[in-house]
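Worksheet for the structure shown next.
The values are calculated or read from the model by the stated rules, or taken from the named source; none is laboratory data. Because the structure is a prediction, the values reported are computed rather than measured. Here the Cβ is made from the backbone with ideal geometry for all residues, glycine too, and neighbour counts use every protein chain on show.
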Amino acid sequence: MDMKIGKTLGIGATLVIVVIFAFVGAIFYDVVSYTAIGSETLHPNGTEVGKALVVYDPGISGAARNAAGTISGDLQAKGYTVDLAGIRSSKAANISGYNVIVVGGPIYAGNASTSVQAYLKTLNPAQGTKVGVFATGQNPDTANDTVLLMKEAAPIPDNSTLQINAVVKVYGTDDNQKLANFVNTLLQ
């Protein structure tokens with residue numbers, strides 16, 4: 001009887017450890033970003049004023065995909081044709097012809113996901129292209145401090161010529177208003 005309980009506890013503990021390692025591995029190796037290969041195009045209801053690319057790493061919770069969808073809808077409502085693209089999609093790889101590029105994803109342990117960091121490091125848009133960065137996460141402390149938020153959500157190398165026009169972090173119930181303000185700031 002005691003051996004059966006011990007064996008059951010051992011198997012249970014092993015399963016817990018495997019699940020924890022799988023979860024931690026998914027975060028640190030950004031495995032979820034490899035599933036972000038799809039894209040869709042949203043057309044404005046009226047006259048087109050420009051083209052926008054919204055690139056996202058969905059993260060584990062999918063909150064970044066939801067934020068990207070909200071940003072895309074706001075840009076579409078303002079007259080942009082929007083390509084909403086997963087960070088590993090072919091649309092995300094081709095940035096030519098866009099007036100606005102938005103990139104975002106989750107924050108893990110105080111850092112943008114590795115896929116967002118890599119994307120920003122190589123992003124070289126045409127002159128005059130407006131670039132915005134969004135992040136999703138649980139820690140609201142950096143959301144209101146622009147300097148810390150730039151380091152967390154938009155970590156670009158010091159020698160980079162990339163100009164970030166707007167940055168936002170969403171984490172709670174006021175997300176839609178924050179994202180609308182982000183789009184308005186980006187388009188100024």
Hey, can you tell me all the residues within region 78-111 that are over 21 Å from THR185 (Cα atoms), of a type in the set (A, V, I, L, M, F, W, C) and outside any loop (DSSP other than H, G, I, E, B)? ALA85, ALA92, ALA93, ILE107
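Those residues that are over 18 Å from ALA154 (Cα atoms) and surrounded by fewer than 24 Cβ atoms within 10 Å (Cβ to Cβ), I need them from region 68-87; list them, please.
So in region 68-87, the residues over 18 Å from ALA154 (Cα atoms) come out as 69-70, 72-85.
Residues satisfying the conditions are GLY69, THR70, GLY73, ASP74, GLN76, ALA77, LYS78, GLY79, THR81, ASP83.
To keep it simple, each residue is scored yes or no on (1) more than 19 Å from GLY62 (Cα to Cα); (2) modelled with pLDDT under 95; (3) among the β-branched types (Val, Ile, Thr).
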| residue | (1), (2), (3) |
| --- | --- |
| VAL131 | yes, no, yes |
| THR136 | no, yes, yes |
| PRO140 | no, yes, no |
| ASP145 | yes, yes, no |
| LEU148 | yes, yes, no |
| ILE156 | yes, yes, yes |
| ASN165 | yes, no, no |
| LYS169 | no, yes, no |
| THR173 | no, yes, yes |
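Evaluate region 66-77: report whether one residue or more is outside any helix (DSSP H, G or I) and modelled with pLDDT of 90 or more.
Taking region 66-77 and keeping what is outside any helix (DSSP H, G or I), we get none.
No, every residue in region 66-77 fails to be outside any helix (DSSP H, G or I) and modelled with pLDDT of 90 or more.
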When TYR80 is run through (1) within 21 Å of GLN163 (Cβ to Cβ); (2) under 13 Å from the mean Cα position of the chain (by Cα), the failure sits at (2)
Could you check region 112-125 and list, in sequence order, the residues that are buried (at least 24 other Cβ atoms within 10 Å of the Cβ) and assigned to a loop (DSSP other than H, G, I, E, B)? SER113
